[in-house]
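Novice: I'd like to ask you about the structure that follows.
Throughout, read-outs are computed from the coordinates displayed, never taken from laboratory work. As the structure is a prediction and not an experimental result, all values here were calculated from the model. Because the Cβ atoms are built from the backbone with ideal geometry, glycine has one as well, and the counts that use them run over all protein chains shown.
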Amino acid sequence: MPASVPPRSEGPASFGLVLTFYQRDPAYALGLAAISAHAKRVHPDVRVHLVPIMRDDPVAQVVDEVGALAPDLIGVSAMAPTWLPSDPYLRALKAAYPDVPICVGGYQAIVSPDETLAHAAVDVVCVGDGEEPIARLIGLMRRRDADAIPGLWEKRPDGTVTRTAPWLVRDLSALPFPDYTIFARDGDVRYLSPHAVESKRLTTLPVLSGRGCPYRCSYCANTTLLDLFGGRGGLLRKHEPEPLVRELARLRAQYGIEFFQFWDEEFLYDARYVRRLLAAYRDAVGVPFSFFARPETLTEELCAVAAAAGCHSMWMGVESGSDAYRRRFLNRRTPNALLRDAVATARRHGIKCMAFSMVGLPFESRCDAAETLQLMRDLAPELAIFSQFVPLPGTPLYELCRTHDLLLPPSPAHQMWPLGALNIKEHAGGMSAVEMADAVAAIMRYLETHTRVDA
């Protein structure tokens, strides 16, 4: 650890772990909840607090909130688009509490560990799953553990960096389920429910049946993670259905949950697992739910199984309405006909459709964008989500942008929302800023009249 950080000795005082992440709107951070759960299991007296950073929060306010919790360690979860907006908060926290180490994890740290650790406020980065490395870091600071911790890179007092291989949990049953108490206010999580667009009337909780995705979409961080962690065999992991269902039933009873969102990137990938899970869910949990799925997996049989278990809606990625563009640039080989069939199959079983697409992609023409909007009209989802393309470091589409000199200087303004401003340079074959504005105007007109989610 940095020389300015004295290891904690054993004593009556508990250890304070403050977790934070920058966010656009109130949201759950299930990775931080997982870290909290494991830290509490390994160190029963640890105090874990969550201090979310909203985009308009005054820096001084966040610094005061963190300081009031007497942290011994500050853990930060960051994605590439939230890294720059987090900068003033990190610098202010380090200036106010120089003896408290700051550890950064998440996609930003995994894909760009050197850049992340070079930040003046950062002492440690987590380059894989964070549960065990953070628990061992707490132990190290209390003189319980070894010096080098698998999964962590640390700045040393002499200016060198200790680098270790990423830590990846292979068996999810070895870990506790996420700790939702860090999100609760006076034991209640209903203040976070409005983000549940499927049904805003119902108290909603996001959950995961596993981790990882088997697909290699060119714009997605998962492609990079598959390369880093050994492909599908290393990255795809699932909870056993029965313990998971017991946990969901417990959460339903504790928080009055009326709707679960399964946040797995691809929920239906393992059909045998889905059958086991949803059979148990139907009997023991019995509240509506939604999931993410690829059109290839939305079969007649699995839609019937999901509907029988109480499925309300499914999320599906369209990304572009152009068959040719999806195949050439996005590594998505699903034809529009299959997208239409998948939505129709779900609807035959009473499952609503939420679909999301991107605009402002590299070499996306005005005609490509028009095809995307037209396909959304054809699919007629209950909710359509359009986001502005952001090149994520480490992904094939980022490398395409870099190769063709399309990357703009880093800026906190480069975000998925709001729509309208290109996050890459104007270029031949892509839309101009004027064409982008016209495309977004058409999208907004469509959204004003074609959103049919529950009130």
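Novice: Suppose every Lys and Arg Cβ carries +1 and every Asp and Glu Cβ carries -1, with no other charges. What dipole size does region 323-403 come out with about its Cα centre, to the nearest 20 debye? Let's see the in-between values first.
Specialist: Details: 12 positive and 8 negative charges, 39 e Å.
The calculated dipole for region 323-403 is roughly 180 debye.
Novice: Among 370-382, 422-434, how do they line up from the highest to the lowest mean number of other beta-carbon atoms within 10 Å? Walk me through the intermediate numbers first.
Specialist: On the way: 370-382: 17.8, 422-434: 15.6.
Result, highest mean first: 370-382, 422-434.
Novice: For region 333-348, take each phi angle, set θ = phi - 60°, evaluate the Karplus expression 6.51 cos²θ - 1.76 cosθ + 1.60, and give the result in whole Hz per residue in order, putting x for glycine and proline.
Specialist: 9, 7, x, 4, 4, 6, 4, 5, 5, 4, 5, 5, 5, 4, 5, 4
Novice: Another one. Indicate, rounded to the nearest 5 percent, the antiparallel portion of the DSSP beta bridges found entirely in the chain. Before the final figure, lay out the partial values.
Specialist: Numbers: 9 of 49 bridges.
The answer is about 20 percent antiparallel.
Novice: Quick one: which residues, 5+ away or cross-chain, put their amide H under 5 Å from the amide H of LEU19? H built at 1.01 Å from N.
Specialist: Correct list: HIS49, LEU50, VAL51, GLY75.
Novice: Note down the magnitude of the dipole of region 184-449 about its Cα centre, charges +1 on Lys and Arg C-beta and -1 on Asp and Glu C-beta and zero elsewhere, to the nearest 20 debye.
Specialist: Values: 31 positive and 30 negative charges, 109 e Å.
Using only the charged Cβ atoms, the result is roughly 520 debye.
Novice: In whole Å, what is the distance between the alpha-carbon centres of region 347-377 and region 51-83?
Specialist: The two parts, judged by their Cα centres, are 35 Å apart.
Novice: Per 10 Å bin from zero, what fraction in whole % of the C-alpha pairs of region 184-449 is there, up to the bin with the longest pair?
Specialist: Over region 184-449, the share of Cα pairs per 10 Å bin runs 7, 27, 33, 24, 9, 1 percent.
Novice: P(r) for region 314-455, please, calculated from all Cα pair distances in 5 Å bins and given in %.
Specialist: Cα pair-distance distribution for region 314-455, in percent: 2, 10, 19, 23, 20, 14, 8, 4, 1, 0.
Novice: Measure nothing fancy, just the Cα-based angle from helix 300-309's long axis to the longest principal axis of the chain, in degrees from 0 to 90, nearest 10.
Specialist: Here the helix axis deviates by roughly 60 degrees.
Novice: How about LYS238: which aspartates and glutamates have a C-alpha closer than 15 Å to its C-alpha, ignoring those fewer than 8 places off in the same chain?
Specialist: Straight-distance partners of LYS238: ASP129, ASP171, GLU247, ASP264, GLU265, GLU266, ASP270.
Novice: Okay, next question. Just the number, please: percent antiparallel of the DSSP beta bridges in region 33-181, rounded to the nearest 5. Spell out each step's value before the answer.
Specialist: Details: 5 of 11 bridges.
Looking only at bridges with both residues in region 33-181, the antiparallel portion is about 45 percent.
Novice: Relative to the compact-globule scaling 2.2 N^0.38 Å, provide the ratio for the alpha-carbon radius of gyration of region 14-138.
Specialist: On the way: Rg = 13.1 Å, N = 125, 2.2 N^0.38 = 13.8 Å.
For region 14-138, the normalised Cα radius of gyration is 0.95.
Novice: May I have the convex hull volume per residue, in Å³, for the Cα set of the chain? Spell out each step's value before the answer.
Specialist: Working: hull volume 65.1 nm³, N = 455.
It comes to 143 Å³ per residue, whole-number rounded.
Novice: Okay, next question. Could you work out how far helix 271-284 tilts from the main Cα principal axis of the chain, as a 0 to 90 degree angle to the nearest 10?
Specialist: That helix lies at roughly 80 degrees to the long axis.
Novice: How do 45-58, 109-122, 314-327 rank on mean C-beta neighbours within 10 Å, highest first? Mind showing how you got there, number by number?
Specialist: Numbers: 45-58: 16.0, 109-122: 17.9, 314-327: 21.7.
Put in order of decreasing packing, that is 314-327, 109-122, 45-58.
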